[in-house]
2 protein chains.
Amino acid sequence: MSVLGIVSEYNPFHNGHKYHLEQSKVLCGSDYVVCVMSGNFIQRGEPAVIDKWARAEMALLSGVDLVIELPVVYAMSSAEFFAYGAVKILDSIGITDFICFGSEAGSLDELNNIADILNSEPEKYKSSLKGFLSEGLSFPAARENALNIYLKAAGHKSDNPGELIKGSNNILAIEYLKALKKSGSKIKPQTIKRIANTYSSDKLEGTISSATAIRSHILSMEEMKKNRTSKASDLQVLMDSLADSLPPLCFSILQREFKAGRGPVFSADFESSVLSALRRMNAEEISKLPYIAEGLENRIKSAADISGSLNSLIENVSTKRYTRTRIQRCLFSILTGLKNKEFLEFNLWGGPQYIRILGFNNKGRQLLSEINKYASLPVIIKTADFKNSCNPLLSKMLDIESASTDQYVLAYSGQDNKKSGQEYTRNIVFLC
Amino acid sequence: MSVLGIVSEYNPFHNGHKYHLEQSKVLCGSDYVVCVMSGNFIQRGEPAVIDKWARAEMALLSGVDLVIELPVVYAMSSAEFFAYGAVKILDSIGITDFICFGSEAGSLDELNNIADILNSEPEKYKSSLKGFLSEGLSFPAARENALNIYLKAAGHKSDNPGELIKGSNNILAIEYLKALKKSGSKIKPQTIKRIANTYSSDKLEGTISSATAIRSHILSMEEMKKNRTSKASDLQVLMDSLADSLPPLCFSILQREFKAGRGPVFSADFESSVLSALRRMNAEEISKLPYIAEGLENRIKSAADISGSLNSLIENVSTKRYTRTRIQRCLFSILTGLKNKEFLEFNLWGGPQYIRILGFNNKGRQLLSEINKYASLPVIIKTADFKNSCNPLLSKMLDIESASTDQYVLAYSGQDNKKSGQEYTRNIVFLC
């Protein structure tokens, strides 16, 4: 039994994910796949386009055997903490042999090299990083420059060896490696080359498109429907090209969910709530959110006063130093209720407090019985059983998850869909 | 110089208001009219359909000479506190000779009689009220029954003399009288008969319709526009009948405001914000809102969990005892930020803390110079001058007003319209 661990948002599951999954299985020679998946809010600080139960179902229909939730505390977090949370979970289940992630680099050597430097922070690297930061460079730019200098001094042949850390997949890959090393995990890392420019392309292209492109395609379709000005045939063309980008079963789930009023969910659905809440908060209250530092609370407060939309608010606050995604994570933490104090406490006490199963198939059921033997954290099948756990950190983490879902479902249509408490009432996904 | 005081919401100003205003002037023989008007939120616990500056302009164009704001603390309050706030302001300006209000009764005798009973609470009345309440009757029903028994015992000829207190205008009229008596005010009350059934009719009828009917008419027009399914000619018919219900100049203001993206504003515009905020509040936080008593916080919390809309939330919470309007006032206080503790403190320290002028014409300018001589409260022409008043209660009341406007404007369209701080930047309305 060889178990492969995958970390993904599957937002939504598309043909590119399927390709990555199949390649990873071959590369690692694994016959079982566990996926650690983001829940209802994702790393960029946004809601997922459809909920975690539907996305878990998509994954199970496409080659994943067991889906574990990455708690929103880590799912909607920086690359470092996202990877930290995911690796911690894959390690805690006690049965993961491999982790395979996409990267622009496509091979581990360079990524490992950089991960080591970032983990050990040699004096030379540190002082040059400090220098670039004091020159006013953004953190990513300063880090790239410092890596360039350090790596070239260490004999690297390339002109820009630090450039590697620009790729968004490389960044996550390096964070996985850092976390694996720091945790002393026995999980073996593997990587598969991803073509960088398709990730951020915002148009559908053939059968392999990025999740970003798929989501913005869905958004356009929604706007066309709302305006009621488009011809049915135009909408059909868009629907057909969407269908081309997803495995057929996943596309059916997407359609089923939308028809039932559960999505598509976008940031804009939370615009009023976030703007209204911000206007009622003072700078001190804002400063208690996670990812706030050095007076950012005042920037947010002032921007909230003059901004009439979420987008302009984010535009008004973000700078080189405070990226859009960081601001978005702050803002959506107003909804999830996560405070910085709690975030630090979770990190201090080992990160994820539980292994929460979202779904499994028959092979996943076998995995589950193995996990029950070897897991170093409580395994949650039925969340309601853990509602009043005697571990206050576990309770708190689950409370935040539930609160985030209570907010997420407000973007649905239909009275029943919007009910709160779904974290405790929705069934685990079992595909036999 | 004879000064008539009027209290109204003018939401929006319509032909019925104009009729009432003209009749009142004749009845009181007054040549000057001061109106105490609700701001951006009204007594029913809802936003006004257009903002207070536009509504003040309507009033000034229709026979009112000076408009003073009823602070939202009292404007969005029970009949008792609404009347208390308004009478306090009319009294505090030191120049009001008359107050003239509509009533179903149409004459003061019976209203005065009931006001006296409610103010003095004779033992016999009190014990029978208590008895009816303990039988499970709602407060209005118990009060009506207790008044019936008391008045008949006192020799009243009618079968149901307490029935008078059923009329919504009578209720307010009695509260004005109670407040006048309690404050020892020298303002002379007058009343004009209103026909009860037109007040709550929800269809436009000829040239005199209720504000409720006008607002629901505007709402239907908005829904037709949104659906984009209606013919332009259908919309024109609706627009024409709306035009029939308002003085032409007021109708123009309504059109101007809507065209500028400032309204129409409805409760539904705050649905997401209120539902999202309630889900983030616990019962203890809810219990700190005004008008919450005896476990109502738990009812609201449970209802928020199962309700997908503001309307169903209110339906789920309201009972005979907790009326819809009371629940609405609680819910919208989440947005204004008013807490019960502050509400009690304002009441303890004389109610309204200032005389805030919203607008005036040339005659109003003369009134203003008189008010400046005789007023017993600070007169605010420029709110910004009072932003850091050394009276903490005045500051707090103005803060709440500003916070409520910061929320109100989020229902507008357009970046500039939505800016916060308008309480301090919008100009006073001056019509020369």
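Against the empirical 2.2 N^0.38 Å (N residues), the range A:39-93 has a Cα radius of gyration ratio of 1.14. A Cα-only calculation for the protein assembly as shown places Rg and Dmax at 32.1, 109 Å.
One Cα centroid belongs to the range A:334-409, the other to the range A:197-264; the line between them spans 31 Å.
If you take the accessible area of B alone plus A alone and subtract the pair, what total do you get in square angstrom, rounded to 100, with a 1.4 Å probe? Don't skip to the answer; put the middle values down first.
Values: alone 19120 and 19120 Å², together 36030 Å².
Buried area (both sides, nearest 100 Å²): 2200 Å².
Which helices of chain A meet both criteria: a Cα extent of 15 Å or more along the helical axis and a mean Kyte-Doolittle score no lower than -0.5, with helices taken as whole DSSP H segments? Present the calculation step by step, with values, prior to reporting the outcome.
On the way: long enough: A:15-28 (20 Å, -0.92); A:79-92 (19 Å, 0.72); A:108-120 (17 Å, 0.03); A:123-134 (16 Å, -0.74); A:139-153 (21 Å, 0.02); A:168-183 (23 Å, -0.07); A:211-227 (24 Å, -0.48); A:232-245 (20 Å, 0.34); A:248-259 (16 Å, 0.20); A:296-306 (16 Å, -0.30); A:324-336 (18 Å, 0.21); A:362-374 (19 Å, -1.28); A:392-408 (24 Å, -0.25).
Qualifying helices: A:79-92, A:108-120, A:139-153, A:168-183, A:211-227, A:232-245, A:248-259, A:296-306, A:324-336, A:392-408.
With label points defined 7 Å past Cα in the direction of Cβ, position A:ASN347 shows copy-to-copy spacings of 4.8 nm, given to one decimal and shortest first.
If you take every DSSP beta bridge whose two residues both sit in the range A:1-125, what share of them, in percent to the nearest 5, is antiparallel? DSSP beta bridges in the range A:1-125 are roughly 15 percent antiparallel.
Could you work out the Rg to Rh ratio of the range A:216-289, with Rh taken as the Kirkwood radius (inverse of the mean 1/r over all Cα pairs)? Show your work: numbers first, answer last.
On the way: Rg = 17.5 Å, Rh = 14.9 Å.
Ratio of gyration radius to Kirkwood radius for the range A:216-289: 1.17.
Each copy carries a label point for A:ASP240 at 7 Å from Cα along the beta-carbon vector; from one copy to the others these points are 4.7 nm apart, nearest first. Each label was represented as a point 7 Å from its Cα along the Cα-to-Cβ direction; for B:ASN227 and B:LYS341 these points are 4.8 nm apart. Contact residues in the range B:255-276 (at least 50 Å² less accessible area with all protein chains than alone, 1.4 Å probe): B:SER276.
Please work out whether the range B:153-297 counts as rounded, prolate or oblate from its C-alpha gyration tensor, where a ≥ b ≥ c are the square roots of the eigenvalues and a/c under 1.5 means rounded, while otherwise a/b larger than b/c means prolate and anything else oblate? Before the final figure, lay out the partial values.
Details: a/c = 2.23, a/b = 1.27, b/c = 1.76.
Taking the square roots of the gyration eigenvalues as a ≥ b ≥ c, the range B:153-297 is oblate.
In a solvent-free Debye calculation with one equal scatterer on each Cα, what is log10 I(q)/I(0) for chain B at q = 0.08, 0.10, 0.13 Å⁻¹, listed in the order of the q values? Debye curve over Cα of chain B, log10 I(q)/I(0) at q = 0.08, 0.10, 0.13 Å⁻¹: -0.45, -0.72, -1.26.
Taking A:LEU278, A:LEU242, A:LEU133 in turn, the Gaussian network model of chain A (Cα-Cα springs below 10 Å) assigns the largest fluctuation to A:LEU133.
Please report the projected area of the range B:281-343's Cα convex hull averaged over all directions, in nm². Walk me through the intermediate numbers first.
Details: hull surface 15.7 nm².
With every direction weighted equally, the projected area is 3.9 nm².
Shielding of peptide B:404-410 by partners, expressed as the average count of other chain Cβ atoms within 10 Å per residue Cβ, is 3. Mind checking which lysines have their Cα closer than 30 Å to the Cα of A:LYS157? Skip sequence neighbours fewer than 8 apart in that chain. In chain and number order, the partners are A:LYS124, A:LYS126, A:LYS130, A:LYS166, A:LYS178, A:LYS181, A:LYS182, A:LYS188, A:LYS193, A:LYS320. Averaged over the residues of peptide A:152-158, the number of Cβ atoms from other protein chains lying within 10 Å of each residue's Cβ is 0. Note on chain B: GNM, Cα springs under 10 Å; of B:LEU310, B:LEU172, B:LEU180, the largest mean-square fluctuation is that of B:LEU310.
Each copy carries a label point for A:SER134 at 7 Å from Cα along the beta-carbon vector; from one copy to the others these points are 8.1 nm apart, nearest first.
For the range A:262-387, carbon and sulfur atoms together expose 50% of the accessible surface, with a 1.4 angstrom probe and every protein chain in place. The helix-based estimate of mean residue ellipticity at 222 nm for chain A, built from -39,500 (n - 2.57) per DSSP H run of four or more residues and divided by its residue count, is -16500 deg cm²/dmol to the nearest 500.
Which FRET efficiency value, to the nearest 0.05, is calculated for B:ASN372 and B:PHE139 with the Förster distance at 51 angstrom and r the Cβ-Cβ distance? Mind showing how you got there, number by number?
On the way: r = 41 Å, r/R0 = 0.81.
Efficiency, rounded to the nearest 0.05: 0.80.
The values are calculated or read from the model by the stated rules, or taken from the named source; none is laboratory data. These numbers were taken from a predicted model, which means no experiment stands behind them. Please note: Cβ atoms are built from the backbone with ideal geometry, for glycine as well, and neighbour counts cover all protein chains shown. Just the protein is used for accessible areas: all its heavy atoms, side chains included, with ligands, DNA and RNA removed. Shrake-Rupley method; radii C 1.70, N 1.55, O 1.52, S 1.80 Å.
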